[in-house]
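Shown next, in structure tokens, is the structure this report addresses.
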Amino acid sequence: MRAASMIRALIRDQLTRRGRTALCATHDLSDVAELCDRVIVLEAGIVQAEGKPSEAARLVGVGAASEAAS
């Protein structure tokens, strides 16, 4: 098991067992997909978008550069 996967599993387990909420600041969409229930995209401290983890790539514009090049 990769170190990142082990850390995600530990965080998920602790949050579930303790019934807690955590704030995760990351650029890794894998973290978002595995750990988050809600996504907020900030730019210069201002909320730019909000949604579900399944929408994260769209919210941050992943793929926009390749679409613009087409």
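The values are calculated or read from the model by the stated rules, or taken from the named source; none is laboratory data. Note that this is a predicted model, so its numbers are computed, not measured. Here Cβ is always computed from backbone atoms with ideal geometry, including for glycine, and neighbour counts include all displayed protein chains. The area values use the complete protein model at the heavy-atom level, side chains included, leaving out ligands, DNA and RNA. Shrake-Rupley method; radii C 1.70, N 1.55, O 1.52, S 1.80 Å.
Would you be able to tell me the number of residues in the range 1-23 that are of a type outside the set (Val, Ile, Thr) and surrounded by 12 or more Cβ atoms within 10 Å (Cβ to Cβ)? Matching residues across the range 1-23 total 5.
Among the residues of the range 42-56, count how many are surrounded by 15 or more Cβ atoms within 10 Å (Cβ to Cβ) and farther than 23 Å from Asp13 by Cα.
Selection size over the range 42-56: 1.
Applying a threshold of 8 Å to beta carbon distances and a minimum spacing of six or more residues, or different chains, the list of pairs starting in the range 19-35 at a residue that is under 14 Å from Ile7 (Cα atoms) and ending at one that is open to solvent by less than 70 Å² (accessible area, probe 1.4 Å) and acidic (Asp, Glu) reads Cys24/Asp31. In summary, Leu29 fulfils each of the numbered conditions (1) at pLDDT below 85; (2) exposed (fewer than 11 other Cβ atoms within 10 Å of the Cβ); (3) within 14 Å of the chain's Cα centre (by Cα) with the single exception of condition (2).
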